[in-house]
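Data block below; observations after.
No lab work stands behind these numbers, since they all come straight from the coordinates. These figures come from a predicted structure and were not determined experimentally. Positions of Cβ are generated from backbone atoms using ideal geometry, with glycine treated the same way; all protein chains shown enter the neighbour counts.
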Amino acid sequence: MIYVLYLLTVSAVVWFSILASRYIDMIDRSTKLSGAFLGGVLLSAITSLPELFTSISATTLIDDASLCIGNILGSNLFNFAMLAVVILFFIKGFSAANLSRSHRMVMLLLILMYVAVWLNWQQVVDVEIVLGGASPWFYMGITSLIIAVLYILSVRYLAGDNGAASAEEEPAGEEVTLSLKSIVVRFVAASVGIIVASIILTYITDDIAERLNLGSGLAGAIFLGVATSLPEVTSTISLFRMRNFDIAFCNIAGSNVFNYFVLAIADLLYVRGTVYFFEDSKVINLTLFGLVASAVMFVLLCSRKIWVKVVMALAAIGCYFAFLLV
C-alpha cells in the first residue's frame, strides 16, 4: 500500500508542477518579462518547489539531514542525466542552436557550489555560525553563505540575459484566453498543491527507507531525488520538442542552482546542526559524481563539435549509473 501511495503522490507532484509551468508560460506570453528570467529563474524555481518543501520537511519535521542533502544532490545528478538523454535524441538541432552565454556562467557557479560542499566535507570550510548558546536558535554553515552568494550571482546573470530566441526556437504555446489575474490565481493554487504533495512525499519516502533498510542518503537520492526531478524532466522534454533548446537547458541549469539554494535554506532552518554532515557514504559519492557531471555538461555546453557533445552526454549519464553501482 505504501508504494501505491508513493506513486499517487509522485503523480500529484508532477501534475501540479506541469500546471504551474503551463501558467508561467501564459504569464510569459501575457507580459513583457524577460524570457530568460522566466525560464531560468521562475520556471526553474517552480519546478524545484518539490525539492524545496521535501528538503524543509526532511530537516524540520523528520530531523533527517542526510535525506535532505541526498534529495538535493540526487535530484541534480538525475536532472543532468535526463538532460543528456534528451540531448542525444535531439543532438543535431541542439548542436546547431545558439545558446545564451549566461548559461556558461551559471554552470561555472554550479561547479563552485559543488566544490564548496566538497571542501566542507574535507573540513576546509567547515565553519558554523551559531547563536543562542546551549539552545541555539540560529545555526548556519559558512558553506550556505557561499552558496547563497553564488545563487544571487546566477540570478543576476540570467535576469540580465535578454537575448531573443531564433524563429526556429520560438515556442508555440497555446492561445492565452485567461486574464492575467486568473492565471496568477491558478498558478498560486498549483503551487500550493505542489507544497502539500511534496510534504506528504517526504514522509512516505522516510517510511520506505526504513522498510527497505536503506540509508537516508540513498533513499533521498532515489525516491525523493528522482520523484522531485520529474517536473524538470517533463518541461525539458516539452521544450526540446518545441526546439526551444536555449530555455530547456536554462531550465535544468537554473533548477540545479536553485536546488543548492534550497540546501542553504534547509541548513538555516536546521537548528540541530548542519545539513553538510556526511554520515552516509552515498552522499559523498553524490557530491563527487555530481561535480564530474556538472563539469562534463559545461564542456558539452561550450563545444561546437557534435562528437564532443555526444561523448559528454554519455559521460553525464554514466555518472548517474556509476553512483547507483558504487
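Worth a mention:
- Cβ-Cβ FRET estimate between T31 and S191, R0 fixed at 22 Å, reported to 0.05: 0.80
- Nitroxide proxy distance, nm - points 7 Å out along Cα→Cβ at S281 and I62: 2.2
- The listed peptides 3-11, 49-57, 268-276, ordered by packing as a protection proxy, come out as 49-57, 268-276, 3-11 (highest mean of other Cβ atoms within 10 Å first).
- Residues listed by number, the stretch 87-101, amide nitrogen under 12 Å from V310 label point at 7 Å toward C-beta: 88-89, 91-92
- For the pair D207 and F321, a Förster radius of 22 Å applied to the C-beta separation gives a FRET efficiency near 0.25, rounded to the nearest 0.05.
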